[in-house]
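> Handing you a structure now.
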Amino acid sequence: MSSNLHIAFRFLTAKKRAMLMSLSCIVLGVGLFIVTQATTSGFEEFFIKTILGTNGAIRIEDKIQYTMRSMAAGGFSSKYEIKTKEGRKYIEGIEEPKLLIDAVKRFPNVAGVSEVLHGAVIMRSAFKNESVRVYGINLDDHERVSDIRRQIVRGKIADFPGALSGSIIGIEMAQRMQLELGDTYQLEVGGQVRRYRVTAIYETGVSDIDRVRVYLNMGEARSLLQKITGASFLQVGLINRDRAQQDARSMTEVLQHNTKSWQEREKTWLEVFRALRISSAITVSVFTLIAGLAMFNTLAMIVMEKTKEIAILRSMGFTREDISQIFLWQATIVLTIGTALGWVLGAVITYGVSKTPINIRGIFAADTFIVSWSIWHYVTATVTAVAMVMLASLIPARRAARLEPGDVIRGTAQ
Amino acid sequence: MLPANDKVALSCTNIHRYLGQGEGRVHVLKGVSFEARRGQVDAIVGPSGCGKSTLLYLLGLLDRQDGGEVWINDRKMSTGSDAERTAARGEHIGFVFQFHFLMQEFTALENVMMPMRKLGRLLLPAMEARARQLLASVGLGDKSHRLGTQLSGGEQQRVAIARALANEPAIILADEPTGNLDVKNSGMVFDLLTRLAKENGQAVILVTHNTEIANRCDAIRPMRDGLFI
């Protein structure tokens, strides 16, 4: 052990209570920082997982058609140009889904593509009528771009492709229409009425989906909606979801179809989660700030009480840097112990919170608090604590280093 | 340039020092010159406020003069950087203060080892052996593991002497080393300091009010109003 560290350790023991105060603030600061980040990130991560599991990473819909464009008036080499306002319009739906799917599959980050046909219909049950939306899918394809299999809460998804009149309905829809597994209901559109059976019930947790979305096999949906060709949109699954924005931009450019990434689609909610995460981090950082102030206070007291010891150390050949280091070591020791205990506290509380029952439905379905276990929460908490505590410790450490030994011994040190 | 003299461990010429500021500024040292030789004990005596301790701190490089020069082992230190002066203090100077100034959280042994650990000239076992030997030579061999707070005033001062001798410095500066001790302990501490210094060929400069102690030194340098008389 270096002599500076040795001295720092002994000086620490001289101010046990004050140091314990600083230590507890660091432990609380680090621990609570970790917990808040774990919970807010947990919910954010779960929300992302839910939207990726329902609507996919990328959605391709509506063909882009450019309207008037500026052009040369007198041939290719002409200096004259007819200038018009640049513009484009969208032609609803996808005319040639198979061709587009082939093109989309050539993007290296694409994990799967599912064509979807949707349309508004009236659902009639013995209990009531509701407006719902039919989603025609090829189950094999759709499983590659969604979590539909995991979202089934009742029934067997394997029974769906084989049953022409089979359907998968949302849990909220089932409750509202009082439908159970195996029950039948009618769908009405454009004057025709067809009867379907509830093959399975899904729950995404997203009310807007669970209340209105009915999955039918693609062939049946085409027949019901009377759309023999084309698709409403393509749902694309990605290998690396974080590259969705770049991929969407490239797809728009290459495929000339309106393409939206999950980040763009869910921008509002993602911003809400980000704001929550930052605000909770700021709130909890107050503890770390208090820890910094407590450390400042404790070290300033030690400097005042140990001026003679500082002078004697200087007389023995300890440099100003040594003195400064002795005080910074004290802060480092408390910070290290505090951070380690803070990690443990953070992990224990995070675990406890993750087991706490809570019933969330609306933007996702959760029965307990959702937490995210990430080393980065621990790293960020540590960096915050280190920055605040070490910054606060610098002032007393520099003051100690500036003391003139002659003035201290003479008794005139300020 | 001062003449080279092997026996001169420390010298100063024409030292001036002002203390205080504004109207309260006092000319404490008014051109003091002094020389300390190895193996010799010099006593600086004089009334309170005449500048004895101020001179001692200047000689010990704990303070900076406003004018004049300080030489340690033929090396000019008065204009040296803070780092040079700090290194010189650690290597060439041992201090004994009136109020002992032991590090209370450390044992007697650790206090004596501290200057050695800083200098880093010896390995840890050698440092410990030397510290034990020094504590034994000041009669505290059996109290080496006591904290500063568990030692009497006389014992603390003896530990301070052992600590001052730890790095075998060329110069021992003692500011009223017996000022806080009873007669019996005063005699013991002075005898110890002078005996060990003479054995090792160290220059001892002692500031004291005690005429009995001063009379037992090799030379007495009386001061008044910032000058030797």
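> In segment A:391-412, what residues are under 35 Å from the mean Cα position of the chain (by Cα) and open to solvent by 50 Å² or more (accessible area, probe 1.4 Å)?
A:L391
> Going by what's in this entry, would B:F95 be described as within 13 Å of chain A (Cβ to nearest Cβ) and on the phi > 0 side of the Ramachandran plot?
So B:F95 does not fit the description; no.
> Still on this structure, please answer the following. Taking B:L61 as the residue in question, decide whether it is within 14 Å of chain A (Cβ to nearest Cβ) and part of a loop (DSSP other than H, G, I, E, B).
yes
> Further question: List the residue pairs whose Cβ atoms are under 7 Å apart, where the first residue sits in segment A:10-34 and is more than 18 Å from A:L289 (Cβ to Cβ), the second is surrounded by fewer than 22 Cβ atoms within 10 Å (Cβ to Cβ) and not hydrophobic (A, V, I, L, M, F, W, C), and the two are 6 or more positions apart or on different chains.
A:R10/B:E105; A:F11/B:E105; A:T13/B:E105; A:A14/B:E105
> Can you tell me which of B:T13, B:T79 is open to solvent by 60 Å² or more (accessible area, probe 1.4 Å) and polar (S, T, N, Q)?
The conditions single out B:T79.
> Right, something else. Conditions first: (1) more than 29 Å from A:F47 (Cβ to Cβ); (2) over 31 Å from the mean Cα position of the chain (by Cα). A:S131 passes all but one, so which condition is the exception?
The one condition A:S131 does not meet is (1).
> Identify, from the list A:I333, A:I337, A:I312, A:I349, the residue that is outside any loop (DSSP other than H, G, I, E, B) and within 30 Å of B:L19 (Cβ to Cβ).
A:I312
> In segment A:242-256, how many are open to solvent by 20 Å² or more (accessible area, probe 1.4 Å), touching a Phe, Trp or Tyr at 6+ places or on another chain (Cβ under 9 Å) and either under 19 Å from A:V116 (Cβ atoms) or modelled with pLDDT under 90 (or both)?
Count: 2.
> Considering only residues that are within 10 Å of B:A108 (Cβ to Cβ) and either within 21 Å of the chain's Cα centre (by Cα) or at pLDDT 95 or above (or both), which ones fall in segment B:135-144?
B:L135, B:V138, B:L140
> Is it true that B:L109 is among the aliphatic types (A, V, I, L, M) and more than 9 Å from chain A (Cβ to nearest Cβ)?
Yes; evaluated as a whole, the condition is true for this residue.
> Which condition breaks for A:F318 when tested against (1) crowded, with 21+ Cβ neighbours inside 10 Å; (2) assigned to a helix (DSSP H, G or I)?
Unmet for A:F318, out of (1) crowded, with 21+ Cβ neighbours inside 10 Å; (2) assigned to a helix (DSSP H, G or I): (2).
So that you can scan it fast, the table gives a plain yes or no per residue for (1) at pLDDT 75 or above; (2) farther than 21 Å from A:H142 by Cβ:
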{"site": "A:R69", "(1), (2)": "no, yes"}
{"site": "A:S77", "(1), (2)": "no, yes"}
{"site": "A:E81", "(1), (2)": "no, yes"}
{"site": "A:I91", "(1), (2)": "yes, yes"}
{"site": "A:A103", "(1), (2)": "yes, no"}
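> Among the residues of segment A:304-327, count how many are modelled with pLDDT under 90 and away from chain B (no Cβ under 11 Å).
2
> For segment B:178-229, which positions are of a type outside the set (A, V, I, L, M), farther than 22 Å from B:I72 by Cα and open to solvent by less than 20 Å² (accessible area, probe 1.4 Å)?
Passing the criteria: B:T178, B:S186, B:G187, B:F190, B:T208.
> Separate question: Given the options B:A164, B:A160, name the one that is over 19 Å from B:A36 (Cβ atoms) and among the aliphatic types (A, V, I, L, M).
Of the residues listed, the single one that is over 19 Å from B:A36 (Cβ atoms) and among the aliphatic types (A, V, I, L, M) is B:A160.
> Residues in segment A:17-35: is at least one open to solvent by 30 Å² or more (accessible area, probe 1.4 Å), within 14 Å of another protein chain (Cβ to nearest Cβ) and modelled with pLDDT under 85?
Within segment A:17-35 (the criterion being open to solvent by 30 Å² or more (accessible area, probe 1.4 Å), within 14 Å of another protein chain (Cβ to nearest Cβ) and modelled with pLDDT under 85), the answer is no, since none of the residues qualifies.
The values are calculated or read from the model by the stated rules, or taken from the named source; none is laboratory data. Bear in mind that the values here come from a model prediction, so they are computed numbers and not experimental data. Neighbour counts are summed over all protein chains in view; Cβ atoms, including those assigned to glycine, are modelled from backbone coordinates with ideal geometry. All accessible areas refer to the heavy atoms of the entire protein, side chains included, with ligands and DNA or RNA removed. Shrake-Rupley method; radii C 1.70, N 1.55, O 1.52, S 1.80 Å.
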